[in-house]
Amino acid sequence: MIKKRVFSGIQPTGQIHLGNYLGAVKNWVDSQDEYENIFCVVNSHAITTTQNPKELRKNTYELAAMLLACGIDMKKSNLFIQSEIDEHPALSWILDCNVSMGEMNRMTQFKDKSAKNPKNVNAGLFNYPVLMAADILLYQADGVPVGEDQKQHLELTRNIAERFNRDFGECFKIPEPMIFKSGSRVMGLDDPTSKMSKSAKGANHAIFLLDTPDVISRKIKKATTDSQTSIVFDKNREGLYNLLGIYEIFTHKTKEVIEQEFEGKGYGEFKSALAEVIIESLKPIREEYEKLVSEKGYIEKILQAGATQVRPIAKSTYNRAKELIGLV
Ligand code: TYM
């Protein structure tokens, strides 16, 4: 049986946090056997915000090491760096010319990001979702496993593809968003009303995959909760709900079992148990990362092989789009 193809990407804009891991990377790893997998470190997306070139190079390489440490297995998946394949920006341009300003103006992430950083609103940031559409459509992906925050970008991708196929001829597969029920929206520990994000400033906002056990315990202890005492899944108690959701994923226990486990117990006990389970779950990743990150030659070889393998797929789709649109 032919496996369905999934494509997903992640930006090398600093260390990855529990939101990236639970909303995306863990799902990529867990479903590797089920699909034909293509994963991409999207460094061209990263330059939509100001980057130090040296840092960007380092972050790109370190993120690749981290994805391997998380369990991306090169026997089952492909991993490559976006800027290695010239067809991404090339297709993006063709798609840019086939998307309306009205559609682009509705993108909420652009509105959020430009409001947060009004001094650095560049055209690339505005066109970011079109480059993302090009990433996905180039590889004829059946599915795109992402966190909830990418839903609107995937709807745009589908609309762009459907319209292109209708107006110029069959070119792109229409990809399905794969947004998992749990972990798709991990919230900030210091503010459970906003999603956990790399750019948030608070020292206790996010748990990063390379945080030490002490730091993880401290952050969980300080996580915002409420003045009630029971440990139950209640969406209205946002802080606790977020923490319980993290506990649920890492322990694989059901909500009922978790509520029973903490019946009659308070935040102190729950937070210690949560910190413990996060520390234990991240420990093998951290250890593997420490081993891998010093093996620069090995990582570079993997990334080169990844790009070599996917390049023909990208070229074939791009050439077809180019021909359909009349550029050849
Ligand atoms: P990025 O790098 O911001 O995030 C990588 C993945 O992590 C998910 N994520 C979260 N999930 C749950 N809770 C959170 N708090 C949280 N924060 C982030 C994101 O949804 C994402 O799946 N635009 C993409 C990168 C991209 C891409 C693509 C993805 C570029 N091209 C093509 C898929 C397909 C992004 O910003 O990811």
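The values are calculated or read from the model by the stated rules, or taken from the named source; none is laboratory data. Since we're looking at a predicted model, the values are computed, not measured. Cβ coordinates were reconstructed from backbone atoms using ideal geometry, including for glycine residues, and neighbour counts include every protein chain displayed.
So here's what we get for this one:
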{"item": "Residue in region 56-73 that is more than 12 Å from the ligand (Cβ to nearest atom), without any contact (Cβ under 8 Å) to a residue 12 or more places away in the chain and within 30 Å of A115 (Cα to Cα) present", "result": "yes"}
{"item": "Region 130-177 - residue that is farther than 26 Å from G306 by Cβ and of a type in the set (D, E) and, of those, nearest to the ligand (Cβ to nearest atom)", "result": "E148"}
{"item": "The lone exception for D112 - which of (1) at positive phi; (2) modelled with pLDDT under 95 it fails", "result": "(1)"}
{"item": "Selected residue (criterion: farthest from the ligand (Cβ to nearest atom)) from residues of region 178-219 that are in a loop (DSSP other than H, G, I, E, B) and polar (S, T, N, Q)", "result": "T212"}
{"item": "Filter result (under 15 Å from F39 (Cβ atoms) and either near the ligand (Cβ under 9 Å from one of its atoms) or of a type in the set (G, A, S) (or both)) within region 1-18", "result": "F7, S8, G9, I10, Q11, P12, I16"}
{"item": "Which listed residue is under 24 Å from the mean Cα position of the chain (by Cα), modelled with pLDDT of 95 or more, β-branched (V, I, T) and under 23 Å from S194 (Cα atoms), from I302, I249", "result": "I249"}
{"item": "Any chance I279 is in contact (Cβ under 8 Å) with a residue 24 or more places away in the chain and over 23 Å from Q228 (Cα atoms)", "result": "yes"}
{"item": "Tally, over region 47-86, of residues that are assigned to a loop (DSSP other than H, G, I, E, B) and crowded, with 20+ Cβ neighbours inside 10 Å", "result": "3"}
{"item": "Contacts under 6 angstrom Cβ, first residue in region 11-22 being under 12 Å from L210 (Cα atoms), partner of a type outside the set (K, R) and at pLDDT below 95, 6 or more apart", "result": "none"}
{"item": "S194 vs. criteria under 27 Å from I220 (Cα atoms) and surrounded by fewer than 18 Cβ atoms within 10 Å (Cβ to Cβ)", "result": "yes"}
{"item": "Restricting region 154-177 to residues that are in a loop (DSSP other than H, G, I, E, B) and farther than 30 Å from F208 by Cβ, the residue that is farthest from the chain's Cα centre (by Cα)", "result": "G169"}
{"item": "Pairs with Cβ under 9 Å, 6+ apart, first in region 182-203 and without any contact (Cβ under 8 Å) to a residue 40 or more places away in the chain and under 22 Å from D226 (Cα atoms), second hydrophobic (A, V, I, L, M, F, W, C) and near the ligand (Cβ under 6 Å from one of its atoms)", "result": "G188/M196"}
{"item": "Those residues of region 197-221 which are more than 27 Å from K113 (Cα to Cα) and either among the charged types (D, E, K, R) or surrounded by fewer than 19 Cβ atoms within 10 Å (Cβ to Cβ) (or both), in sequence order", "result": "T212, P213, D214, V215, S217, R218, K221"}
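Listed here are the residues, each with its yes/no results for (1) surrounded by 13 or more Cβ atoms within 10 Å (Cβ to Cβ); (2) within 21 Å of R5 (Cα to Cα); (3) in contact with a Lys or Arg (Cβ under 6 Å, 6 or more places away or on another chain).
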| residue | (1), (2), (3) |
| --- | --- |
| T108 | no, no, no |
| S114 | yes, no, no |
| K119 | no, no, no |
| A123 | no, no, no |
| P129 | yes, yes, no |
| A133 | yes, yes, no |
| I136 | yes, yes, no |
